[in-house]
């Protein structure tokens, strides 16, 4: 049950009633009316902007509208007080029984608490990771992988029909370089001294096992053969081996995909040419000469006729090339075909999670999606900034195995997938992130992973002690939901219930904004409130969770404790993190 949604419905109904009474104009647009927690907790439980967003259409002063709303909303059974504030906000305070009912609903629902029908089963495609299949995943890939995976889980919890997708960039120059690098290791496996890896090839020794496998498969057949004889076979074998490695890394991180789409297959099935033919039929492709880039001209820039997409017609800064000087398609042409393919598979709603180095690519791709779908489809791109990998505050050394970077596998093996997943979500995706291999394992309030997990473990510790103190007391959620919850009267206890009752709203708002990091912030604040109440009980005996001589009061407080554990577990499930019941 989302109490904020319920109160918003009550506010909208009140506006409609006032319209029927002639106190407000009838038929006012209430789509922008909100019901949310006020910025200052002292201002009440729920604040609405209704008076201010209706003022212009109603041709009335916002505070006059607010006074009308206050008079009506104060009569609602759930409302204990209503008042106007500032330019026209209406602040509501709810009765304690409302919060007891919220806690009971939470306990009855278990970790499904917060599940929403907001998405109404709408299909959404979340494409993430999509690392070039040229080597093992590095720690930078981890961030996009976790952001995409958590976002997909968040959208599913909010009621969307989500497909998780990985786009394999297995066409183009980089996989040819991979094939040549594999051929070098193949020669090495056959006894040739290769010396220093030539510039332009992939240097990591992760290709050595592939070289040995190719040597076993082909023998000396391609040792002296021209590149044209072996390139295609080596490319296919190398891509397959790299994708197997990448999938193993994803499993270690707890990331899964429903679909692996291939760029090479798009070309093979003629979908690239077909997509561009479709755009040509819309008069969106032409031959023209682009203006030179602003500022210093690149050495390789030349004014020449090119095949261009009319991206400026759909909000981009310039029209975009579709063919290279050698006549082959650009990556953009392939990406156009790929997004058209997604749309034709039933995904009008698309989300791509990319690295920050693709920031200049966003407008053109969004322009293409608008063109391809006639405005019916939409593309949201989440750019993930760099991860600075540290150890005790110092930059972490590069991996010899990878050649130039620290592999994802190394990091997961060192600190565990749960830690990696949580930390990657403690900053907004477009903000840089420091990942210190030592600090993420510290047992302190400054480590959000520990602090949130400790709240869950502490709650279970209290429940274990309760089982010893009250052997016959049922401690599962549904049973505790039936206890006399009005024994919870301390303001800190009510405040904690209010915070837990905000979880369904948080799920919906974070899903709507495509921002899973909001869950991390929420869980940290909830953990802080719970730890604060536990500490308060240490100082004030009357507020301890377990009171041996009063089982009824203890049961009510155990309902509160079970509620915290449930909401934390529900939030961690969105992150793909297993909650712990004991800290070791």
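Using only the Cα atoms of the stretch 437-584, build the gyration tensor, take square roots of its eigenvalues as a ≥ b ≥ c, and label the shape rounded, prolate or oblate: rounded if a/c is under 1.5, else prolate if a/b is larger than b/c, else oblate. Could the numbers behind the result be given before it?
Values: a/c = 1.86, a/b = 1.48, b/c = 1.25.
Since a/c reaches 1.5 and a/b is larger than b/c, the shape of the stretch 437-584 is classed as prolate.
How would 553, 526, 201 line up from fewest to most surrounding beta-carbon atoms within 10 angstrom? Intermediate values should be presented prior to the final figure.
On the way: 553 19, 526 22, 201 16.
Ordered by Cβ neighbours within 10 Å, fewest first: 201, 553, 526.
Give me the one-decimal Kirkwood hydrodynamic radius in Å for the stretch 3-94, with the sum taken over alpha-carbon pairs. Write out the running numbers ahead of the final one.
Values: mean 1/r = 0.0784 Å⁻¹.
For the stretch 3-94, the Kirkwood estimate is 12.8 Å.
Fewest to most neighbouring Cβ within 10 Å: what's the order for 111, 407?
Details: 111 17, 407 22.
In increasing order of surrounding Cβ atoms, one gets 111, 407.
To the nearest 10 degrees, how steeply does helix 62-73 sit against the main Cα axis of the chain, on a 0 to 90 scale?
Computed tilt is about 60 degrees.
Per the helix-only calculation at 222 nm, which mean residue ellipticity applies to the chain, given -39500 (n - 2.57) for every DSSP H run of n ≥ 4 and division by its residues, nearest 500 deg cm²/dmol?
Numbers: 20 runs with 282 residues, N = 584.
My calculation for the chain gives -15500 deg cm²/dmol from helical runs alone.
Output the 0 to 90 degree angle, nearest 10, between the alpha-carbon long axis of helix 362-373 and the longest principal axis computed from the alpha carbons of the chain.
That helix lies at roughly 90 degrees to the long axis.
Would you compute, for the Cα atoms of the stretch 411-463, the largest minus smallest coordinate along each principal axis and list the three values in descending order, in whole Å?
Result for the stretch 411-463: principal-axis Cα extents of 39, 24, 17 Å.
Just to confirm my numbers, what's the Cα centroid distance between the stretch 509-584 and the stretch 49-86 in Å?
A separation of 34 Å, based on Cα centres.
Cβ neighbours within 10 Å, averaged per peptide: list 39-47, 225-233, 412-420 in order, most packed at the top.
412-420, 39-47, 225-233
Quick check: from the Cα gyration tensor, does the chain come out rounded (a/c under 1.5), prolate or oblate?
Numbers: a/c = 2.87, a/b = 1.51, b/c = 1.89.
The shape class here is oblate.
Output the direction-averaged projected area (hull surface divided by four) of the convex hull of the alpha-carbon atoms of the stretch 301-441, in nm². Numbers along the way, then the final one.
Working: hull surface 47.7 nm².
For the stretch 301-441, the mean projected area of the Cα convex hull comes to 11.9 nm².
Let me know the whole percent of all Cα-Cα pairs from the stretch 168-215 that are separated by more than 15 Å. Numbers along the way, then the final one.
Details: 457 of 1128 pairs.
Within the stretch 168-215, distances greater than 15 Å cover 41 percent of Cα pairs.
Report, to the nearest 10°, how far helix 173-189 tilts away from the longest principal axis of the Cα atoms in the chain, using its own Cα long axis and a range of 0 to 90°.
70
With 10 angstrom as the radius, rank 168, 65 by how many other C-beta atoms surround their C-beta, starting from the fewest. If you can, show how the numbers build up before the last one.
Working: 168 21, 65 25.
Fewest-to-most ranking of 168, 65: 168, 65.
Just so you know, all these numbers are worked out from the coordinates, no wet-lab data involved. Values in this document were obtained by computation on a predicted structure and should not be read as measured data. For neighbour counting, all protein chains shown are included, and Cβ atoms are generated from backbone atoms with ideal geometry for every residue, glycine included.
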